[in-house]
Amino acid sequence: MQKTSILEIWKETWNSPVKRLQLTAIMVLIPVFSIFLPHFFAFIEKRNGLVLKDRVLANIAPHNVSVLIFIIIWSMILLILYRAIHKPSIFITYCLTLAMVTVARVLCISLVPLSPPMGLIPLSDPLSGAFYGEASVTKDLFFSGHTATLTLIFLCLEKPVDKILGILATITVAYLLLVQHIHYTVDVVTAPVVVYTLYRFNIYFLYKYKRSKNEPVRAYDIVE
């Protein structure tokens, strides 16, 4: 059987009215979030918030592990982008779920104002400036965006080896965020729960909507 080329897969994906609508939504959401989020993070940095008593952090001496966190996160992002090139449904599911997670984070951060944990060492990640702006952001706490991103990558990846890398990366970075005192324990524990819930909802909605339009579900459409 002749293997479908990447170009053909994406061309066929774009020719689907449903997929075209989803891709168009992604192309609109990316610049919207890029413009909005730096202003939002600048706003929350000016707020006063609660300092939580965290027994876990109290027993972890703070260390700067920014480089390791940076390497793990961006390695996993590159991995899922590579997989998404061959399977547009991974790209669509990841981007649309990430948009929902971002909205959930904005709401949670707005409703739960927190000040950084004692001993926080700011995370140095030059590539995150597209969303955070130039200022150092320390109050985007509940819930952890780094843990959420890696959890979503783990959920969207399919190959067994990728899944193992995904779960190891998520657990490792969650721990390293605590080592650097960037987040409270509740921040990193809550993130996977929220992401999994939104991911399951998104999968159900995307494929239920596709079936309602009587469009064929192809092998490269299935995310799970």
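Looking at I6, I60, can you tell me which residue is closer than 30 Å to P117 by Cβ, open to solvent by less than 90 Å² (accessible area, probe 1.4 Å) and of a type in the set (V, I, T)?
Numbers: I6 fails: closer than 30 Å to P117 by Cβ.
Matching residue, one of I6, I60: I60.
From the list I164, I153, I90, I182, which residue is more than 16 Å from the chain's Cα centre (by Cα) and assigned to a helix (DSSP H, G or I)?
On the way: I153 fails: more than 16 Å from the chain's Cα centre (by Cα); I90 fails: more than 16 Å from the chain's Cα centre (by Cα); I182 fails: assigned to a helix (DSSP H, G or I).
Answer to the check: I164.
If only one of T102, T138 is assigned to a loop (DSSP other than H, G, I, E, B) and open to solvent by 10 Å² or more (accessible area, probe 1.4 Å), which one is it? Break it down stepwise before answering.
Details: T102 fails: assigned to a loop (DSSP other than H, G, I, E, B).
After applying the criteria, what remains is T138.
Does K213 satisfy being touching a helix residue (DSSP H, G or I) at 6+ places or on another chain (Cβ under 7 Å), of a type outside the set (D, E), modelled with pLDDT of 95 or more and exposed (fewer than 15 other Cβ atoms within 10 Å of the Cβ)? Lay out the reasoning, then the answer.
On the way: touching a helix residue (DSSP H, G or I) at 6+ places or on another chain (Cβ under 7 Å): yes; of a type outside the set (D, E): yes; modelled with pLDDT of 95 or more: no; exposed (fewer than 15 other Cβ atoms within 10 Å of the Cβ): yes.
Spelling it out, it is not the case that K213 is touching a helix residue (DSSP H, G or I) at 6+ places or on another chain (Cβ under 7 Å), of a type outside the set (D, E), modelled with pLDDT of 95 or more and exposed (fewer than 15 other Cβ atoms within 10 Å of the Cβ).
Output yes when any residue across segment 90-101 is out of contact with any helix residue (DSSP H, G or I) (no Cβ under 8 Å at 6 or more places or on another chain) and of a type outside the set (D, E), and no when none is. Can you show your working first?
Residues of segment 90-101 out of contact with any helix residue (DSSP H, G or I) (no Cβ under 8 Å at 6 or more places or on another chain): none.
No - not one qualifying residue is present in segment 90-101.
Would it be correct to say that I77 is in a helix (DSSP H, G or I) and out of contact with any His (no Cβ under 8 Å at 6 or more places or on another chain)? If you could, list the steps in order and put the result at the bottom.
Numbers: in a helix (DSSP H, G or I): yes; out of contact with any His (no Cβ under 8 Å at 6 or more places or on another chain): yes.
Yes.
Here are some residues: L96, L52. Which one is under 23 Å from V193 (Cα atoms), in contact (Cβ under 8 Å) with a residue 12 or more places away in the chain, of a type in the set (A, V, I, L, M) and in a loop (DSSP other than H, G, I, E, B)? Working first, answer last.
Numbers: L96 fails: in a loop (DSSP other than H, G, I, E, B).
So the residue among L96, L52 that is under 23 Å from V193 (Cα atoms), in contact (Cβ under 8 Å) with a residue 12 or more places away in the chain, of a type in the set (A, V, I, L, M) and in a loop (DSSP other than H, G, I, E, B) is L52.
The values are calculated or read from the model by the stated rules, or taken from the named source; none is laboratory data. No experiment lies behind these values; they were computed from the predicted model shown. Positions of Cβ are generated from backbone atoms using ideal geometry, with glycine treated the same way; all protein chains shown enter the neighbour counts. Side chains are part of the model used for accessible areas, which takes the heavy atoms of the whole protein and leaves out ligands, DNA and RNA. Shrake-Rupley method; radii C 1.70, N 1.55, O 1.52, S 1.80 Å.
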